[in-house]
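Notes follow once the structure below has been shown.
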């Protein structure tokens, strides 16, 4: 049984080797299809890993509360923030699944140090638990205290990019930066985080006590905030944390049953799942389009095998005359079709891997900060091999069967 298989394999290999150029052109469609599918699957997995890494960099089990539409005077208004710093404190106090929470207040402004003038990407007012939520350590110096929050102290913590723009070689700790004419003392420098998933520099940031931001930079005595960031105890508590926050804030905001909430609660898990579905769908769609090449390649294999049967009709007759059975002829031509398809699958997978690495390196060279991981999908390799073999069996069976059913006498007479 095994010896017969290797004999058939040797005969099929010799038959294909007689016309290498035709064999190469025959498998070209399979090569292109497998290469395209492999590259798309690998790039899709690379994008998925990038998203997961970026969401992990956002913080530890983060739950984000945004203000929603607020009803006033019988109408719906979206401009008024419905969240307050007191809501953030209540979430930590009453939601047992939440271990830390911070108000978020955002503004933009030019900052001045000496003769240097620069506008960071973000100026953010935060609470003392912000670094816990974001899982963002301080590299040098310290962070805000409860006293800084309560007294709206004129202190700030800056990112690495701000340090390089304003201070260059000098030590920023203890120095004064002016924001809208108000001096703030630098008490800490954040650890470098790099770019986020859309290429924005996360280190181009300045953090202030949210009370200082509201009173000294925005000139407001109101307690409303732009958002609240919370950290759940564990990944498995995310759904329960979202439910607890919804219930607590609905009670605090006096929202009756059946009325829409004036806030929105989202989690990084939901964002990851949504992005995963989008990436997966796009990868599947593009791979399906690329898979059309496999069908085209399969048809090419069938056409060439039919031509081969016609060209070798006399050979088939001689083999049958010396004792070859129909199933032996069927096995030989089917083996040739499978070899062609598998050869295309191997070459296509190699080209697909090379294309995936090349495209990933090109993306990394064109984008600043964000680094796409290089991913080679071995699942795609296994799938490519078996799919190529299946293409060979499917499109090679008809020519092989036609060859096996030839009449030996008629085949010997064929010129």
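The values are calculated or read from the model by the stated rules, or taken from the named source; none is laboratory data. Given the structure is predicted, the values throughout are model-derived calculations rather than measurements. Please note: Cβ atoms are built from the backbone with ideal geometry, for glycine as well, and neighbour counts cover all protein chains shown.
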Residue satisfying all of: in segment 214-263; without any contact (Cβ under 8 Å) to a residue 12 or more places away in the chain and buried (at least 16 other Cβ atoms within 10 Å of the Cβ); nearest to residue 149 (Cα to Cα) among these: 250
Lone unmet requirement of (1) within 37 Å of the chain's Cα centre (by Cα); (2) assigned to a helix (DSSP H, G or I) for residue 149: (1)
Verdict on residue 292 being under 19 Å from residue 39 (Cβ atoms), surrounded by fewer than 23 Cβ atoms within 10 Å (Cβ to Cβ) and modelled with pLDDT under 80: yes
Check on residue 125, assigned to a strand (DSSP E or B), in the same structural domain as residue 164 (by TED's automatic domain parsing) and modelled with pLDDT of 90 or more: yes
Unique residue being buried (at least 20 other Cβ atoms within 10 Å of the Cβ), modelled with pLDDT of 90 or more, within 38 Å of the chain's Cα centre (by Cα) and on the phi < 0 side of the Ramachandran plot when the list is 138, 179: 179
All positions within segment 182-202 that are at pLDDT 90 or above and either surrounded by 18 or more Cβ atoms within 10 Å (Cβ to Cβ) or touching a helix residue (DSSP H, G or I) at 6+ places or on another chain (Cβ under 9 Å) (or both): 182, 184, 186, 187, 188, 189, 190, 191
Number of the exception - residue 93 against (1) touching a strand residue (DSSP E or B) at 6+ places or on another chain (Cβ under 8 Å); (2) over 17 Å from residue 162 (Cα atoms); (3) surrounded by fewer than 21 Cβ atoms within 10 Å (Cβ to Cβ): (1)
Given (1) over 23 Å from residue 106 (Cβ atoms); (2) touching a strand residue (DSSP E or B) at 6+ places or on another chain (Cβ under 6 Å); (3) not in a helix (DSSP H, G or I), number of the condition residue 183 does not satisfy: (1)
Filtered residues of segment 202-237 (kept if closer than 25 Å to residue 192 by Cβ, part of a strand (DSSP E or B) and in contact with a strand residue (DSSP E or B) (Cβ under 6 Å, 6 or more places away or on another chain)): 205, 206, 207, 208, 227, 229, 230, 231
Selection count, segment 155-174, where residues are part of a loop (DSSP other than H, G, I, E, B) and crowded, with 18+ Cβ neighbours inside 10 Å: 3
